[in-house]
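Asker: Pasting in a structure now, in structure tokens, and then I'll have a few things to ask.
The values are calculated or read from the model by the stated rules, or taken from the named source; none is laboratory data. From a predicted model like this one, the values you see are computed outputs, not experimental measurements. Here Cβ is always computed from backbone atoms with ideal geometry, including for glycine, and neighbour counts include all displayed protein chains.
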Amino acid sequence: MARSQGIDRRSFTTALAAGVATSLLPLRSARAQPAKLKVGVILPRSGTLGLTGQSCQKGADLAPGVIKELLGVDLELMNADFESNVDTARTRAERLIQDGAHVLVGPFDSGAAAAIAQVAEQRGVPLIINIAAAPQITEQGYRFVFRNFQTATEIVKNGLDLVGELFQATHTAPTTAVYMHVNDTFGQAMTKGITAILPQRTQLGFKILDDIGYDPAAKDLTVEVSRAKATKADFLLLVSRLNDAVLLRREMVKQRWNPMGIVSPGSPGMYEEQYFKSLGKLSEYSISNVPWYNPQAKLTKLVEKAFLKQNPNDKLVFHGLNVGFTFEAILVAADAFKRARSTDPKALAEAIRQTNITDKMTLGGPIKFNAKGQVEGIGSACVQNLNQLPTVVLPSAAATAKPVFPTPGYKKT
């Protein structure tokens, strides 16, 4: 759907909307559209995940305006902070439903997602997960739970494949790694995936010398970093959150540990704005293999304009993953509401099952859900911190720079 020279904004958004609102439900076409859809947005805007939750909230905040322009749908956001606490997530979800939310969106965290999914299923209200990777969430036979994000297994597969591409692109052949990871629900799911998949990727050529788990709320990682350094591994394979990633990087510098690099096979933290703000030049060269947004997509350009209007001193690149997947989750809800012409939860859930959104922000194929409510075909990118910006370096077709590995400070011992 090429944008011809001179096309005006109204024609552009009308054409874009044609790719978003698809598969209209004919049996409900004569039914009057309800006034608005109430979306309960539940995110960790405080606590250990607070900064990432606030980043996701930026995507939610701009959704009503952009989606009104795209689809002509009125949205009312009902925002809730679950304070990075799983039990609080459960009670916040109950309250949102009690207060009239027609659909829930969130929550970024896998543990919270599992708890909210139970509430959504029990209450018969659709939950659209923006970001949360634990595979079991969509393996329970739920009828009202949908996830527009990769599972940990998919993240690991894509992430390890990109590690192989990184080695090829930089003509390197590391033989050893030390694996450090958060020990929460997400970290455990990622570890299970790595344990199962890495032995199958013999072409990668490296083995893990030690497996070191830690609490994502840890205030001191001196012992863990000392243990990792003692392995003399070629590089660090890391599954982190934001706060612990900052803490770990500072401790590495303090202990003068300079492996070939830090590579995440798929986790948050190192591409986020606060990582750069907290670490400055120490944030350079960290690598995250993660689901990412497509900066060239038509919808991205529309969202970025709205983002900059609401956040004039910010850059979308620091929030692209969080904003992109949160916005898309709300877009899925709005698209289903437009087609269902109803706020009835069963009608909404049925419409979500028939989703086929082709114009999207994130890398990969159309947004379609399988019988389990799991989206398929989301792509990943190798994102390296270069010149104080998260930069796509692989795959080469999407890259805007070349990867740097090993890092300049590396000295082989």
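Asker: Does Gln296 satisfy being within 25 Å of Pro403 (Cβ to Cβ) and free of Cβ contacts under 8 Å to residues at least 40 places away in the same chain?
Answerer: So Gln296 passes the test.
Asker: A further question follows. So in region 136-186, with the set limited to residues that are farther than 15 Å from Leu237 by Cβ and among the small types (Gly, Ala, Ser), which one is surrounded by the most Cβ atoms within 10 Å (Cβ to Cβ)?
Answerer: Ala169
Asker: Okay, moving on. Going by the conditions given, is Ala93 outside any loop (DSSP other than H, G, I, E, B), farther than 26 Å from Ser380 by Cβ, of a type in the set (A, V, I, L, M, F, W, C) and in the same structural domain as Glu328 (by TED's automatic domain parsing)?
Answerer: When the stated conditions are applied, Ala93 passes them.
Asker: Quickly run through region 315-354 and pick out the residues that are in contact with a Ser or Thr (Cβ under 8 Å, 6 or more places away or on another chain) and outside any helix (DSSP H, G or I).
Answerer: Answer for region 315-354, where residues must be in contact with a Ser or Thr (Cβ under 8 Å, 6 or more places away or on another chain) and outside any helix (DSSP H, G or I): His319, Arg341, Gln354.
Asker: List the pairs whose first member sits in region 252-268 and is within 19 Å of Pro216 (Cα to Cα), whose second member is acidic (Asp, Glu) and modelled with pLDDT of 95 or more, and whose Cβ atoms are under 6 Å apart, counting only residues at least 6 apart or on separate chains?
Answerer: Note: no pairs meet the criteria.
Asker: Here's something else I'd like to know. Residue under question is Val86, and the condition is that it be buried (at least 24 other Cβ atoms within 10 Å of the Cβ) and more than 18 Å from the chain's Cα centre (by Cα); does it hold?
Answerer: no
Asker: Let me ask something additional. For region 100-116, name all the residues that are under 17 Å from Thr326 (Cβ atoms) and without any contact (Cβ under 8 Å) to a residue 40 or more places away in the chain.
Answerer: Hit for region 100-116 is Ala113, nothing else.
Asker: Let me ask another. Can you pull out every residue in region 40-83 that is over 20 Å from the mean Cα position of the chain (by Cα), among the acidic types (Asp, Glu) and not in a helix (DSSP H, G or I)?
Answerer: Asp74, Glu76
Asker: I need the full set of residues from region 373-388 which are crowded, with 16+ Cβ neighbours inside 10 Å, touching a helix residue (DSSP H, G or I) at 6+ places or on another chain (Cβ under 6 Å) and not hydroxyl-bearing (Ser, Thr, Tyr), in order please.
Answerer: Gly373, Gln374, Cys382, Asn385
Asker: Still on this structure: For region 364-397, how many residues meet the condition of being over 18 Å from Val163 (Cα atoms) and assigned to a loop (DSSP other than H, G, I, E, B)?
Answerer: Summing the residues that are over 18 Å from Val163 (Cα atoms) and assigned to a loop (DSSP other than H, G, I, E, B) in region 364-397 gives 11.
Asker: Look at Leu302 and say whether it is farther than 26 Å from Thr151 by Cα, in contact with a helix residue (DSSP H, G or I) (Cβ under 7 Å, 6 or more places away or on another chain), touching a residue at least 60 places away in the same chain (Cβ under 8 Å) and surrounded by fewer than 22 Cβ atoms within 10 Å (Cβ to Cβ).
Answerer: Criteria met by Leu302.
Asker: Scan (1) outside the structural domain of Pro265 (by TED's automatic domain parsing); (2) of a type in the set (D, E, K, R); (3) in a helix (DSSP H, G or I) for the single condition Arg143 breaks and write down its number.
Answerer: (3)
Asker: Any idea which residue in region 193-220 is farthest from Ala245 (Cα to Cα), counting only those that are in a helix (DSSP H, G or I), of a type outside the set (Gly, Ala, Ser) and in contact with a helix residue (DSSP H, G or I) (Cβ under 7 Å, 6 or more places away or on another chain)?
Answerer: Here the answer is Gln203.
Asker: Also, I was wondering about something else. Specify the residue that is farthest from the chain's Cα centre (by Cα); the eligible residues are those in region 340-367 that are among the basic types (Lys, Arg) and surrounded by fewer than 24 Cβ atoms within 10 Å (Cβ to Cβ).
Answerer: Among them, the one singled out is Arg341.
Asker: Only one of (1) of a type in the set (A, V, I, L, M); (2) surrounded by fewer than 24 Cβ atoms within 10 Å (Cβ to Cβ); (3) within 21 Å of Leu321 (Cβ to Cβ) fails for Ile97. Which number is that?
Answerer: In the conditions (1) of a type in the set (A, V, I, L, M); (2) surrounded by fewer than 24 Cβ atoms within 10 Å (Cβ to Cβ); (3) within 21 Å of Leu321 (Cβ to Cβ), Ile97 misses (3) alone.
Asker: Here is a list: Gly50, Gly65, Gly72, Gly40. Which entry is surrounded by 24 or more Cβ atoms within 10 Å (Cβ to Cβ) and touching a residue at least 12 places away in the same chain (Cβ under 8 Å)?
Answerer: The conditions single out Gly40.
Asker: Could you check region 204-224 and list, in sequence order, the residues that are touching a residue at least 40 places away in the same chain (Cβ under 8 Å), hydrophobic (A, V, I, L, M, F, W, C) and under 22 Å from Tyr285 (Cα atoms)?
Answerer: Residue satisfying the conditions is Leu204 alone.
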